[in-house]
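Worksheet for the structure shown next.
The values are calculated or read from the model by the stated rules, or taken from the named source; none is laboratory data. Just so it is clear, the model here is predicted, and its values are computed rather than measured. Glycine also receives a Cβ, built like all others from the backbone with ideal geometry; neighbour counts cover every protein chain displayed.
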Amino acid sequence: MLNFVSEAAEAAQPNLSLVSIDPGTIVFTLINTLIIFLIFRIFLFKPVGKILDKRKEMAASAIKDAEEAKAKAEAAEKEYNESLANAKAEAAEIVKQATLRAQKREEEIVNEANKKAADIRAKAEENIERDKQRALNEVKDQISELVVMAAGKVVEKEISASDNEELISKFLSEVGAAD
């Protein structure tokens, strides 16, 4: 198209020099430039502008999504740290409770053992006392038998009053020593 314009300009003015200012050419060039600008604006700038706007929106959306994901990750990390702290506190409490229960059970076992030992000691003392009583009763029975035998022998013999008193005091001293 430019060739056509330049040929038309040469045909209209055959003797002109190469460098000249022609108002017709300037107007024609301005009109051509305006037409090209409008064509570019309609077919190039608007679609490219729409594409750039869409890309800008996509980038803004991606940034927004990334910020939301970062906020969610920070919240999840905070929640995890809180859960971890709670779990540690719970574990410490469980260990503390288990230690207290173990100490309590230890005290119960010691108390039961002491009680059983006291019961065994009391039974042993009762058995000793019973055996002691039985032995004393046996000794008393034997003494009674001896007294009866001695009395039988005394009856067989005639005893003087002094011998009788000596036997009685001797018997009483033996019986008194046995108790």
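The set of residues in region 148-167 that are surrounded by 12 or more Cβ atoms within 10 Å (Cβ to Cβ) and at pLDDT below 75 comprises A150, A151, V154, I159, D163, L167. Cβ-Cβ contacts under 7 Å between residues 6 or more apart (or on different chains), taken from a first residue in region 122-147 that is surrounded by 10 or more Cβ atoms within 10 Å (Cβ to Cβ) to a second residue that is among the aromatic types (F, W, Y), are listed as V147/F171. Only one of the listed residues (V148, V95) is of a type in the set (A, V, I, L, M, F, W, C), over 28 Å from the mean Cα position of the chain (by Cα) and either in a helix (DSSP H, G or I) or closer than 22 Å to S173 by Cβ (or both). That residue is V148.
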